[in-house]
Amino acid sequence: MMNKFSIQDLQLKDQQVLMRVDFNVPLTREGAIADDSRIKAALTSIQYVVNQGGSLVLMSHLGRPKGKKEARLSLQPIAKRLEELLEMPVLFAEDCIGPKVEAMAENLQPKEILLLENLRFYEAEKCPEKDPSFAEKLAKLGDVYINEAFGTSHRKHTSTYEVAKQFNGKSATGFLVEKEIAFLGNVFERPKRPFFAIIGGAKISSKLGLIRNLIEKVDGLFIGGGMSYTLLKANGQKVGDSIVEDSEIENAKEISKISSSKAVKLWLPSDIVIAESLSNEAETQIINGKDAIPDGWQGVSVGPKTCADWKEALQNAQTIFWNGPLGAFEYPQFADSTYEMAQFLAQSIATTIVGGGDSVSAIQQLGLLPQFTHVSTGGGASLEFIEFGHLPCVDILTDR
Ligand code: ADP
Ligand code: MG
C-alpha cells in the first residue's frame with residue numbers, strides 16, 4: 001500500500017528540509033492557542049530531522065486570512081509554543097517568501113529550525129494558478145521536501161502540491177502522514193471482517209461519495225444523525241421539521257437500492273429523539289423510528305433503542321469506521337447517543353477508526369481518544385482517502 005518514500009528513506013544529514021506541517025490550531029477568541037495537539041503531532045518528524053543532523057524550514061497555514069496579512073493569524077505564537085515543546089530555539093520569519101526569508105533559510109545551520117509566517121497571507125497558496133512563482137520561491141528554501149500535513153493533503157494547494165512537485169526523488173511523507181495512510185489504507189484495502197461503518201452528521205450531500213464507496217466494502221452500514229432524515233423521507237416517511245436535503249432524495253433512494261442489491265444491511269434509527277427546537281430547553285420525546293415526526297418537531301438524535309440495537313449488531317465486529325455524530329451533540333440534552341456510541345467503540349476489541357472533526361471532538365470531550373485504534377487528524381482528507389483510496393498531495397511524493 002505505502003509505495004511512497006517515508007522520511008526515513010531520505011538522507012537528511014546536512015540537508016535543508018522543507019516540511020509542510022499542519023499548525024492550523026484552534027484559537028481562542030483572544031487569539032491564543034486553544035489546543036496544541038496539532039503542534040504536538042508533528043514533533044516526532046521535527047525531532048527526527050534535528051537528530052539526523054538536518055536543518056529544518058517549517059511552513060503551515062493558520063485560519064482563513066483570504067490572501068492578506070492579518071496580525072491575528074500570525075504563526076509567531078506557534079513558534080513560541082513549539083520552542084517550549086521542543087525545549088530548543090525556533091527561529092521565526094515574518095514572511096514565508098522573499099529575500100529576508102531566503103537569507104534566514106540560507107544561514108540556517110544543521111539542527112536549527114525556522115518557522116515561516118502563515119502561507120495563506122498569499123492568495124497563491126490556495127489558488128496556485130494566481131502566481132506560479134510562489135511555488136518556486138518556497139521551493140528555494142529546502143533541499144528535500146516532507147509532507148507532514150495530512151489534513152490538507154486532499155487539496156492541490158501551492159505548499160502541498162506545487163512545491164512537492166519540484167522535489168522529485170527528494171520528497172517523502174512525514175511520520176504522521178505515513179501512519180494515517182497506513183491505517184486508512186488498510187481499512188480501504190483489506191479490513192478485518194466483519195467490517196462496519198457508522199455514518200452520521202448533518203448533511204448527506206457532503207458524504208454521498210463516502211457512503212457509496214463504503215457500501216462496496218462494508219458488511220453493514222449504520223446511518224444516524226441529521227442525514228438519516230433524508231433517507232427516511234426518501235422511504236416515504238414524514239419527518240416534520242427535521243433537517244432534510246430535498247435535492248438528495250433521489251440519491252438517498254439509490255443508496256437504499258444499492259445496499260439491498262449488495263445485501264449490505266443498511267441500519268437506520270430504530271427510535272428517534274425529537275424536539276420542538278434545537279435548544280437545551282426544548283421539549284423532547286422519543287418516538288419509534290418508523291413513526292411520523294409531527295410538524296413542529298424535528299429529529300435531533302438517534303434514541304436509546306437505536307444505540308442498544310446497533311451495539312448488539314456491532315458486538316462481533318473486527319473493524320469499525322466511524323464518521324459523524326449521531327445527533328446534534330453540541331446540545332448536551334441531545335448528546336447521549338453520540339456519547340454512548342463513543343463509549344462503546346472505545347471499549348470495543350475491534351479495530352476502531354474515527355475520522356471527521358466533530359466526531360473526533362465528541363470523543364475528545366469524553367477523554368476517550370487513546371482508546372481508539374486510530375483517530376484521523378484530517379477530517380476532509382480522511383474521508384476523501386476512504387472514498388478514493390489515495391490523495392493528490394501524497395500521490396505527488398516520490399515513489400519508493
Ligand atoms: P464530522 O465533522 O464528524 O464529519 P459533520 O460535520 O458531518 O461531522 O456533522 C456534524 C454536525 O451534524 C454537528 O454540528 C451536529 O450538530 C450535526 N447534527 C447531527 N445530527 C443532527 C440532527 N439530528 N439535527 C441537526 N444537526 C445534527
Ligand atoms: Mg464537521
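Every number in this text was worked out from the coordinates using simple rules, so none of it is lab data. All figures in this text were calculated on a predicted structure; none of them were measured in a lab. No Cβ is skipped: glycine too gets one built from the backbone with ideal geometry, and neighbour counts run over all protein chains shown.
All other residues with a Cβ under 14 Å from the Cβ of Asn3 taken together, and with Lys, Arg as +1 and Asp, Glu as -1, what is their net charge?
Cβ neighbours under 14 Å give a net charge of -3.
Calculate the spin-label point distance for Gln371 paired with Ala34, positioning each point 7 Å from the Cα along the beta-carbon direction, and give it in nanometres.
For Ala34 paired with Gln371, the spin-label model returns 2.5 nm.
Which Cα, out of Ile286, Ala346, Ala202, lies furthest along the positive dipole direction of the stretch 191-388 (beta carbon charges, K/R +1, D/E -1)?
Ala346
Running a GNM on the chain with Cα contacts under 10 Å, which residue among Ser261, Ser270, Ser279 ends up with the highest mean-square fluctuation?
Among Ser261, Ser270, Ser279, the largest mean-square fluctuation in the Gaussian network model of the chain belongs to Ser261.
Note down the net charge around His61, summing +1 for each Lys or Arg and -1 for each Asp or Glu among other residues with Cβ under 15 Å from its Cβ.
Neighbourhood net charge equals +3.
Shape verdict for the stretch 16-161, please, from the Cα gyration tensor: rounded (a/c under 1.5), prolate (a/b greater than b/c) or oblate.
rounded
With the Cα gyration tensor of the stretch 240-362 giving a ≥ b ≥ c as the square roots of its eigenvalues, does the rule (a/c under 1.5 for rounded; else a/b larger than b/c for prolate; else oblate) give rounded, prolate or oblate?
oblate
Run the dipole for the stretch 244-296 about the Cα centre, Lys and Arg Cβ at +1, Asp and Glu Cβ at -1, nothing else charged, and hand back the magnitude in debye, nearest 20.
So the magnitude is around 580 debye.
Let me check against my output: what whole-number percent is the relative contact order of the stretch 7-180, with C-alpha pairs under 8 Å and at least 6 apart?
Averaging sequence separation for qualifying contacts and normalising by length gives 29 percent for the stretch 7-180.
Using Cα-Cα distances under 8 Å and only pairs 6 or more residues apart, what relative contact order does the chain have, in percent?
Taking the mean separation of contacting Cα pairs over the length of the chain, I get 17 percent.
By how many nm would the segment from Asp399 to Ala282 lengthen if fully extended, with 0.36 nm per residue of separation less the alpha-carbon distance?
Between Asp399 and Ala282, full extension yields 36.6 nm more.
Of all DSSP beta bridges in the chain, what percent run antiparallel (nearest 5)?
Antiparallel bridges make up about 25 percent of those DSSP assigns within the chain.
Between Pro99, Pro269, Pro132, find the one with the highest GNM mean-square fluctuation for the chain; connect C-alpha pairs within less than 10 Å.
Answer for the Gaussian network model of the chain: Pro99.
Using only the Cα atoms, work out Rg/Rh for the stretch 44-90, with Rh taken as the Kirkwood radius, to two decimals.
1.05
Please list, ordered by chain and number, the residues whose modelled amide H lies under 5 Å from the amide H of Lys265; skip anything fewer than 5 residues away on the same chain.
Residues meeting the criterion, in which the H sits 1.01 Å from N, are Leu221.
Given charges of +1 on the Cβ of Lys and Arg and -1 on the Cβ of Asp and Glu, with all other atoms neutral, how large is the dipole of the stretch 191-388 about its Cα centre, in debye to the nearest 20?
Taking the Cα centre of the stretch 191-388 as origin, the dipole is about 860 debye.
Where does helix 379-388 land angle-wise versus the long Cα axis of the chain, in degrees 0 to 90, nearest 10?
Compared with the principal axis, the helix lies near 80 degrees.
For the Cα atoms of the chain, what angle does the longest principal axis make with the long axis of helix 175-189, in degrees from 0 to 90, nearest 10?
With both axes taken from Cα atoms, the answer is about 40 degrees.
Measure out, as a whole number of angstrom, how far apart the alpha-carbon centroids of the stretch 332-368 and the stretch 108-157 sit.
34 Å
When the Karplus curve 6.51 cos²θ - 1.76 cosθ + 1.60 is applied with θ = phi - 60°, which whole-Hz ³J(HN,Hα) does each residue of the stretch 49-65 get, with x for Gly and Pro?
Coupling constants for the stretch 49-65: 4, 4, 5, 7, x, x, 9, 9, 10, 9, 9, 7, 9, 8, x, 10, x Hz.
Helix-derived [θ] at 222 nm for the chain: sum -39500 (n - 2.57) over DSSP H runs of at least 4, divide by residue count, nearest 500?
-9500 deg cm²/dmol
Sum up the charges of everything whose Cβ sits under 13 Å from the Cβ of Ser242, counting Lys and Arg as +1 and Asp and Glu as -1, but leave Ser242 out.
-3
From a point 7 Å beyond the Cα of Lys68 in the direction of its Cβ, which residues of the stretch 87-123 have a backbone N at a distance under 14 Å?
What the label zone holds, given the 14 Å backbone N cut-off, is 121-123.
Is there a pair in Lys111/Lys156; Lys265/Lys311; Lys203/Lys253 whose C-alpha atoms are over 24 Å apart, and which pairs would that be?
Lys111/Lys156
Could you give the angle, 0 to 90 degrees to the nearest 10, between helix 208-217's Cα long axis and the longest principal axis of the Cα atoms of the chain?
Orientation of helix 208-217: about 80 degrees from the principal axis.
Go through the stretch 278-293 residue by residue and turn each phi into a ³J(HN,Hα) via Karplus (6.51, -1.76, 1.60, θ = phi - 60°); whole Hz please, and just put x for glycine and proline.
Whole-Hz 3J(HN,Hα) from phi for the stretch 278-293: 7, 7, 5, 9, 5, 5, 10, 8, 10, 10, 5, x, 9, 7, 5, 8.
Filter the cross-link list Lys69/Lys137; Lys66/Lys137; Lys165/Lys217; Lys66/Lys165 down to pairs whose alpha-carbon distance in this structure exceeds 22 Å.
From Lys69/Lys137; Lys66/Lys137; Lys165/Lys217; Lys66/Lys165, over 22 Å: Lys165/Lys217; Lys66/Lys165.
With charges set only on the Cβ (+1 for Lys and Arg, -1 for Asp and Glu), what does the dipole of the stretch 7-180 come to about its Cα centre, in debye to the nearest 20?
480 debye
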